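A short reminder: the numbers here are calculations on the coordinates, not readings from a lab. A quick note: this is a predicted structure, and the numbers were derived from the prediction, not measured. Quick reminder, even Gly has a Cβ in these numbers, built from the backbone with ideal geometry, and neighbours come from all protein chains shown.
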């Protein structure tokens, strides 16, 4: 397959640029006739016809034949070939790794969720990660050379342009993207997990008309991703979205970043875990008391499971965290006036246990005139959100859609 027109070196080539634009149009709008493509791109029909023929011969586009119209001659319509290429995504969380693959049309064809993996800032951990990725890619039903690129999500400070991760796997002069690329033999893009989840939700989960949204990744930590005017917002240095480190509490609790009083110290999975174990030490009763008293570790997953079983202590703590989260979200609403706010990540599994106090706090602390048109929803993608975002982002970057 000829992939030369996807490369950056071809950006000055008009034919390559037009091909990319046709691909972009088919990605966003689905199937089109040549006449419709010509109108959308303001380019002559003969030129579009020539490029479509080339894209068909290269395997990127399919001719779906004639489709009915209200009258007159029926045109042939063209769309993306799902098998033209595939994009893999890896989402790394605190204790797990999830992986998936989408086809050229953006449809997920493979997904492996929540495989145990402990991320450590060592070369051994990186080698282990790449071994897991290679094993996953080797077991796919498609040849590895059909994987056009790989996206990897990590928490913390990630600069997707330079390929450096400054929170995990900052192991020397080489960027992390290059270190992984050398080990998996595939073009690699890295991204902050919250931004990737945001893009996944924006492309595949949220209402298609939404152009301004904020995604809240409430997991062990807390981060956000921002969509402004239909584009993912990175900020000047590529580190936007570190919402968990907004100074919010006067609690003197030292955050993992080294500062005190960060929002994450009271609104996150780690905060819930700390509060829950503190209450158990104080003698509060829970269905997890027996496990705790026997010296066994209580995990965040244990607490979320207890919540679903209506554990009173779990409900109480989630409600408290939800109220504080609602206050913090009110600030986002007053600042950005978004169309949509989506709650995702581990804590989204709490559903109405956390959404009710969030909504109540928003009603109390946000400006009504600003918040009245903002919708608050749970992520539609659930546990696949991170992998979907990794795959969709790497597809968009490879095809020059960002």
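Structure values in brief
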| read-out | value |
| --- | --- |
| Sum of -39500 (n - 2.57) over DSSP H runs of 4+, divided by residues of the chain (222 nm, nearest 500) | -12000 deg cm²/dmol |
| Length added when fully stretched, residue 239-residue 66, from 0.36 nm per residue minus Cα-Cα | 57.5 nm |
| Whether region 116-164 is rounded, prolate or oblate, judged on the alpha carbon gyration tensor where a/c under 1.5 counts as rounded | oblate |
| Cβ crowding within 10 Å averaged over residues, with 52-62, 388-398 ranked highest first | 388-398, 52-62 |
| Estimated FRET transfer efficiency (residue 254, residue 229; beta-carbon r; R0 41 Å; 0.05) | 0.60 |
| Segment residue 312-residue 287, extension gain: residue separation times 0.36 nm, minus the distance between their alpha carbons | 8.1 nm |
| Cα→Cβ-extended label distance, 7 Å offset, between residue 54 and residue 31, nm | 2.5 |
| Computed label-point distance, nm, for sites residue 209 and residue 43 using a 7 Å Cα→Cβ extension | 3.0 |
| Simple label model, 7 Å out from Cα along Cβ direction - residue 367 to residue 128, nm | 5.0 |
